[in-house]
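Novice: Once you've had a glance at the structure underneath, I'll fire off some questions.
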Amino acid sequence: MKTLLTSLCAAAVLLCSSAAWAQYDPQCASKAQYAQDGQQCDRERTQHFDKILNQSYQALMKQQSQAGKNRLRSMQRLWMRERDDECRAQAANTAVGAGVVGDACLADYTEDRAQAMRLWLQQGKRF
């Protein structure tokens with residue numbers, strides 16, 4: 001029960017943290033007029049969700065046994081390699097605008113992982 005309460009409190013702090021949501025405009029990409037504007041939006045989105053991802057990861061690590069910490073750390077390292085490889089491949093397969101594609105890929109991967117981490121934290125997931 002105490003673990004569940006700790007998980008819920010940590011999740012609430014992450015969800016309501018104004019610092020995590022600062023400087024991120026979900027409508028940024030739709031307002032972008034030029035490719036570099038969209039690229040800047042993707043960079044801001046990556047930074048925003050990277051903060052959430054890191055906060056969630058740290059909170060999840062605190063809830064794990066030593067074996068769970070090792071598994072979660074290994075999973076995260078594997079995810080980072082997968083993200084980097086996939087985004088490099090997407091950028092390499094793009095003749096024009098590789099930087100834009102790479103930034104969008106990193107933003108998408110980071111947002112998806114941050115949301116997964118937040119969900120795991122809310123659920124009190126053990127690894």
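The values are calculated or read from the model by the stated rules, or taken from the named source; none is laboratory data. Predicted model only: the values in this text are computed from it and were never measured. No Cβ is skipped: glycine too gets one built from the backbone with ideal geometry, and neighbour counts run over all protein chains shown.
Novice: Given the options Gln76, Gln55, name the one that is touching a residue at least 12 places away in the same chain (Cβ under 8 Å), crowded, with 20+ Cβ neighbours inside 10 Å, part of a helix (DSSP H, G or I) and under 12 Å from the mean Cα position of the chain (by Cα). First the steps, then the outcome.
Specialist: Working: Gln76 fails: crowded, with 20+ Cβ neighbours inside 10 Å.
None of the others qualify; the one that does is Gln55.
Novice: Please specify each residue of the range 106-117 satisfying the condition of being out of contact with any Phe, Trp or Tyr (no Cβ under 7 Å at 6 or more places or on another chain) and either surrounded by fewer than 21 Cβ atoms within 10 Å (Cβ to Cβ) or modelled with pLDDT under 95 (or both). Even if it seems obvious, please write down each step before you answer.
Specialist: As a first pass, look at the range 106-117 and keep what is out of contact with any Phe, Trp or Tyr (no Cβ under 7 Å at 6 or more places or on another chain): 106-109, 112, 115-116.
Of everything in the range 106-117, those that are out of contact with any Phe, Trp or Tyr (no Cβ under 7 Å at 6 or more places or on another chain) and either surrounded by fewer than 21 Cβ atoms within 10 Å (Cβ to Cβ) or modelled with pLDDT under 95 (or both) turn out to be Asp108, Tyr109, Asp112, Gln115, Ala116.
Novice: Within the range 1-35, can you find the residues that are modelled with pLDDT of 50 or more, hydrophobic (A, V, I, L, M, F, W, C) and loosely packed, with under 14 Cβ neighbours inside 10 Å?
Specialist: Ala35
Novice: So, one more: Being within 26 Å of Ala59 (Cα to Cα) and surrounded by fewer than 20 Cβ atoms within 10 Å (Cβ to Cβ) is the filter here; which residues of the range 95-105 pass it?
Specialist: Selection gives nothing.
Yes/no per residue for (1) within 18 Å of His48 (Cβ to Cβ); (2) touching a helix residue (DSSP H, G or I) at 6+ places or on another chain (Cβ under 9 Å); (3) not β-branched (Val, Ile, Thr):
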residue	(1), (2), (3)
Ala67	no, no, yes
Arg73	no, yes, yes
Arg77	no, no, yes
Arg83	yes, yes, yes
Glu86	no, yes, yes
Ala91	no, yes, yes
Ala95	no, no, yes
Gly99	no, yes, yes
Glu111	yes, yes, yes
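Novice: With respect to Gly38, determine if the residue is buried (at least 16 other Cβ atoms within 10 Å of the Cβ), under 25 Å from Asp25 (Cα atoms), of a type outside the set (Lys, Arg) and in contact with a Lys or Arg (Cβ under 8 Å, 6 or more places away or on another chain).
Specialist: On the way: buried (at least 16 other Cβ atoms within 10 Å of the Cβ): yes; under 25 Å from Asp25 (Cα atoms): yes; of a type outside the set (Lys, Arg): yes; in contact with a Lys or Arg (Cβ under 8 Å, 6 or more places away or on another chain): no.
Criteria not met by Gly38.
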